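Peer 1: Just passing along the structure, written as structure tokens.
The values are calculated or read from the model by the stated rules, or taken from the named source; none is laboratory data. In this text, all values refer to a predicted model and were calculated from it rather than measured experimentally. Methodologically, a virtual Cβ is constructed for each residue, glycine included, from the backbone with ideal geometry; neighbour enumeration extends over all protein chains shown.
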Amino acid sequence: MKNSRWISLLVLCTGFLLIVVDMTIVNVALPSIQRDLGFSQSGLAWVINAYLIAFGGLLLLAGRLGDLVGRKRVFLAGLALFTAASLLCGLSFSQPMLIAARFIQGIGGAVSSAVILAMIVTSFPEPLERAKAFGIFSFVASSGAVVGLIAGGLITQSVSWHWIFFVNLPIGIGTALLAIRLLENDKGIGIGQGADILGALMVTAALMLGVYTIVQTSDYGLFSLRTAILGTVAIALLAAFVVRQARSSNPILPLRLFRSRQVSGSNLVQALMSTSFLGFFFVCSLDFQRVQGYGPMEIGLAFLPVAVVMALFSIRFSAQLIGRFGAGPMLVAGQTVALLALALMAVAPTHANYLVHLLLPMALLGLGGGLTFPALTMIAMADVAPSDAGLASGLLNTTGQVGGAFGLAVLATLAGARTVDMVHGGADTVAALASGYHFAWLVAAGVVVVTLAVAAWLLRAKPVEHADVAGAECEAAA
């Protein structure tokens, strides 16, 4: 029975790895897709944006559906939709077909990934085992981006961009078959316990419009009138949704969830943290390509220390450290290390020697992620009732996606503005680009400082499962 739970965890992590890898594997193949299907530069962005809008907009609703109708059903439905959409993406021969398939793929990704944390919580009620399970999940969630970069470069260069989607088919089908056999069946609390259809439509529309507004800032500007209008409408929809939830007898998002400092604080930390971590990968990818002159495979390999160090700490050491010191202190320690990594990147020379100037920040970011992600996940899910676990899982993923998208838009805008100023000041293109990227890393470091302040406020609450995890660890050692 014990072994079957760990096998089930591997099944869930494999399903999630498909989703995470897909978010970055496409980036490497974009030039090939553009040449093959004749995309314009603005049209090409929709290969990414169509996925992000569907994914970010449906996470919250999908998480709640898992609570209502059963998480295994929702996971399998999302996995099946994602796999089928991957086939359509690979077969795409026109721009509209690929964009539509990517939108469907985003729906499937949201539906399957939104319930995974809740399934881990219910499968691992014992604190020490839960900490280890979250460590494994956090490694998959964090290192999947690096796997996508490496795999995207390898597949695109050796075969064709179509196969970055086709490889999902055997993995998706195999994962679904194992999930049917191994995952525990659950019925959910019943659709009548949270069937606020109008509320569901309102929050989905608000999130989709919000993500759409953010991703379009690259074309229209972060401070344009169009962005301001659409952003205002999205916020108004979200505010109306909150008012409805406060008055509804069967809310799809019970506001009582936010009475917990751990839930509110951890979601705020997740949003801020996603800005710095995703900003690190995004800006580094641009710097490696445009300033350092790396190719697709070199970019993927340059990120490899992040994945290796994060794997070591997430899987091997995070549970023991959380058991000894508590999740809160480990969250603070991880963010402090991440702050150091970003500061080192900000002061690195324009033409950096990888071994001398970049290897240490990469390893430090892996260490920061390995300490931070399992601890934050434990804090976010520790104070949640089992009937709300799917909702809490979807909420944490949503704040990460929306916060990351908004943060990337801000960092890209600031980096671009700094580059333009440098060019006007007489700097050459490479130096101007480097200056913009270094400024973005500096701003991301500032975001980590704010994250640490929020984490300190969060630690004023009861330490999360510190005593329980430590006690469980002592029992296991005995």
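Yes/no per residue for (1) of a type in the set (V, I, T); (2) out of contact with any Gly (no Cβ under 8 Å at 6 or more places or on another chain):
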{"position": "V159", "(1), (2)": "yes, yes"}
{"position": "W163", "(1), (2)": "no, no"}
{"position": "I171", "(1), (2)": "yes, yes"}
{"position": "K187", "(1), (2)": "no, no"}
{"position": "L198", "(1), (2)": "no, yes"}
{"position": "A234", "(1), (2)": "no, no"}
{"position": "F241", "(1), (2)": "no, no"}
{"position": "A246", "(1), (2)": "no, yes"}
{"position": "N250", "(1), (2)": "no, no"}
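Peer 1: Is it true that some residue in region 111-130 is among the basic types (K, R) and either touching a helix residue (DSSP H, G or I) at 6+ places or on another chain (Cβ under 6 Å) or surrounded by fewer than 24 Cβ atoms within 10 Å (Cβ to Cβ) (or both)?
Peer 2: no
Peer 1: For the list (1) more than 21 Å from the chain's Cα centre (by Cα); (2) touching a residue at least 12 places away in the same chain (Cβ under 8 Å), I need the number of the one condition that L201 fails.
Peer 2: (2)
Peer 1: Does any residue of region 213-220 turn out to be under 30 Å from L68 (Cβ atoms), at pLDDT below 85, of a type in the set (A, V, I, L, M, F, W, C) and part of a helix (DSSP H, G or I)?
Peer 2: Scanning region 213-220 turns up at least one residue that is under 30 Å from L68 (Cβ atoms), at pLDDT below 85, of a type in the set (A, V, I, L, M, F, W, C) and part of a helix (DSSP H, G or I).
Peer 1: Would you mind finding the one in A45, A29 that is assigned to a helix (DSSP H, G or I), assigned by TED's automatic domain parsing to the domain that holds L154, farther than 28 Å from M202 by Cβ and not acidic (D, E)?
Peer 2: Matching residue, one of A45, A29: A29.
Peer 1: For region 418-428, check the following and say yes or no: at least one residue is among the acidic types (D, E) and buried (at least 20 other Cβ atoms within 10 Å of the Cβ).
Peer 2: Checked against the condition, which is being among the acidic types (D, E) and buried (at least 20 other Cβ atoms within 10 Å of the Cβ), region 418-428 yields no hits at all.
Peer 1: Further question: Looking for whichever is assigned by TED's automatic domain parsing to the domain that holds I48, at pLDDT below 80 and part of a helix (DSSP H, G or I) here; the options are F282, F288, F277. Which one fits? Give the derivation first.
Peer 2: Values: F288 fails: at pLDDT below 80; F277 fails: at pLDDT below 80.
None of the other options fit; the residue is F282.
Peer 1: Listed residues A415, A431, A427, A405; which is in contact with a helix residue (DSSP H, G or I) (Cβ under 8 Å, 6 or more places away or on another chain) and not in a helix (DSSP H, G or I)?
Peer 2: A427
For every residue, the table says whether it meets (1) within 20 Å of the chain's Cα centre (by Cα); (2) surrounded by 21 or more Cβ atoms within 10 Å (Cβ to Cβ).
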| residue | (1), (2) |
| --- | --- |
| S260 | no, no |
| S276 | yes, yes |
| F280 | yes, yes |
| V283 | yes, yes |
| Y294 | no, no |
| F317 | no, no |
| G328 | no, yes |
| G334 | yes, yes |
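Peer 1: With respect to L81, determine if the residue is surrounded by fewer than 24 Cβ atoms within 10 Å (Cβ to Cβ), of a type in the set (A, V, I, L, M, F, W, C), assigned to a helix (DSSP H, G or I) and assigned by TED's automatic domain parsing to the domain that holds E129.
Peer 2: Yes; evaluated as a whole, the condition is true for this residue.
Peer 1: Out of curiosity, is A338 more than 30 Å from L253 (Cα to Cα) and either in contact with a strand residue (DSSP E or B) (Cβ under 7 Å, 6 or more places away or on another chain) or at pLDDT 90 or above (or both)?
Peer 2: Considered against the rule, which asks whether it is more than 30 Å from L253 (Cα to Cα) and either in contact with a strand residue (DSSP E or B) (Cβ under 7 Å, 6 or more places away or on another chain) or at pLDDT 90 or above (or both), A338 comes out as yes.
Peer 1: A further question on this structure: Sort out which residues of region 420-454 are in contact with a Gly (Cβ under 7 Å, 6 or more places away or on another chain) and modelled with pLDDT under 90, and write them in order of number.
Peer 2: V454 - this is the single residue of region 420-454 that is in contact with a Gly (Cβ under 7 Å, 6 or more places away or on another chain) and modelled with pLDDT under 90.
Peer 1: A further question on this structure: If I ask for residues that are under 27 Å from I150 (Cβ atoms), of a type in the set (F, W, Y) and touching a residue at least 24 places away in the same chain (Cβ under 8 Å), which ones from region 291-343 would you list?
Peer 2: F303, F313, F317 - these are the residues of region 291-343 that are under 27 Å from I150 (Cβ atoms), of a type in the set (F, W, Y) and touching a residue at least 24 places away in the same chain (Cβ under 8 Å).
Peer 1: Among the candidates F93, F75, F103, single out the residue that is in a helix (DSSP H, G or I) and either farther than 12 Å from G15 by Cβ or over 18 Å from the mean Cα position of the chain (by Cα) (or both).
Peer 2: F103
Peer 1: In the list V337, V283, V347, which residue meets the criterion of being touching a Gly at 6+ places or on another chain (Cβ under 6 Å), under 18 Å from W441 (Cβ atoms) and among the β-branched types (V, I, T)? Steps first, answer last, please.
Peer 2: On the way: V283 fails: touching a Gly at 6+ places or on another chain (Cβ under 6 Å); V347 fails: touching a Gly at 6+ places or on another chain (Cβ under 6 Å).
Testing whether each residue is touching a Gly at 6+ places or on another chain (Cβ under 6 Å), under 18 Å from W441 (Cβ atoms) and among the β-branched types (V, I, T) leaves just V337.
Peer 1: OK, next. Filter region 344-361 for residues that are in contact (Cβ under 8 Å) with a residue 40 or more places away in the chain and in a helix (DSSP H, G or I) and give the result.
Peer 2: Filtering region 344-361 for residues in contact (Cβ under 8 Å) with a residue 40 or more places away in the chain gives 345-348, 350-352, 354, 358-359.
Selection gives M345, A346, Y354, L358, L359.
Peer 1: Ok, one more. Which members of region 106-135 meet the condition of being hydrophobic (A, V, I, L, M, F, W, C) and assigned to a loop (DSSP other than H, G, I, E, B)? Step through it out loud before you land on a result.
Peer 2: Step one: of region 106-135, the residues hydrophobic (A, V, I, L, M, F, W, C) are 107, 110-111, 114-121, 124, 128, 131, 133-134.
Of everything in region 106-135, those that are hydrophobic (A, V, I, L, M, F, W, C) and assigned to a loop (DSSP other than H, G, I, E, B) turn out to be A114, V115, F124.
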